[in-house]
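Quick note: the coordinates plus some simple rules give every number you see, no bench work behind them. Quantities reported herein were computed from a predicted structural model and do not represent experimental measurements. Positions of Cβ are generated from backbone atoms using ideal geometry, with glycine treated the same way; all protein chains shown enter the neighbour counts.
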């Protein structure tokens, strides 16, 4: 068994507090499962602030970059920033940490060909307002960056998913021990991946 084969690519998904509180965990799981990806790990839990901070992995350079957008917006509206860009960025990061730890979440590991890309397509763009119809974020919520910024909170977009394979590896290691990821065979994998499909007819 060649574990470098594309069929063994893994990705990481969180049903965030808003998704859990709105009873959408099953919908998220169903949509990903229908694609043919295989769940290999799942936990229902309350994240610690330490876990959330490791997950986001943002440093002062990120905070300065994000905070600069706030500074630019304030200046463009004729105002005067009250603090440095990095401080505004830290406010954004703290909002993300507050949100991820405020309520139970569902963390999941999925495996299959192009798992990262497939899940990103199913979940949709980060902002629900502009996310495509047919995606989880586009169909199931209505939040936007504008209202989140006005209210000084993180955007509530139901789900987190890894952007890249390397990011998925890093995130999976934060939330799962390797022995918690179950290695198992799904019957549907024969149809999805087997080359010859022999033995199907009686």
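Quickly estimate the mean residue ellipticity at 222 nm for the chain, helices only: each DSSP H run with n ≥ 4 gives -39500 (n - 2.57), and the total goes over all residues, rounded to 500.
Working: 10 runs with 94 residues, N = 202.
The helix-only estimate for the chain comes to -13500 deg cm²/dmol at 222 nm.
Modelled this way, with points 7 Å down the Cα-to-C-beta line, the labels at residue 54 and residue 177 are 1.3 nm from one another. If the chain linking residue 132 and residue 194 were pulled fully straight, counting 0.36 nm for each residue of separation and taking away their Cα-Cα distance, it would gain 19.1 nm. Computed over the range 1-156, relative contact order equals 34 percent, with contacts defined as Cα pairs under 8 Å that lie 6+ residues apart.
Sort 66-79, 145-158 by the packing proxy (mean of other Cβ within 10 Å over each peptide's residues), most packed first.
Those peptides, ordered most packed to least, come out 145-158, 66-79.
Just checking my list (i) 46.1, 148; (ii) 17.1, 55; (iii) 19.4, 76 against Rg and Dmax of the Cα atoms in Å computed from this structure; which label fits? Structure-derived value, by its label: (iii). Mean separation of Cα pairs under 8 Å and 6 or more residues apart, divided by the residue count, gives the range 49-102 a relative contact order of 45 percent.
Taking the centroid of alpha carbons for each part, the range 176-190 and the range 53-104 are 38 Å apart.
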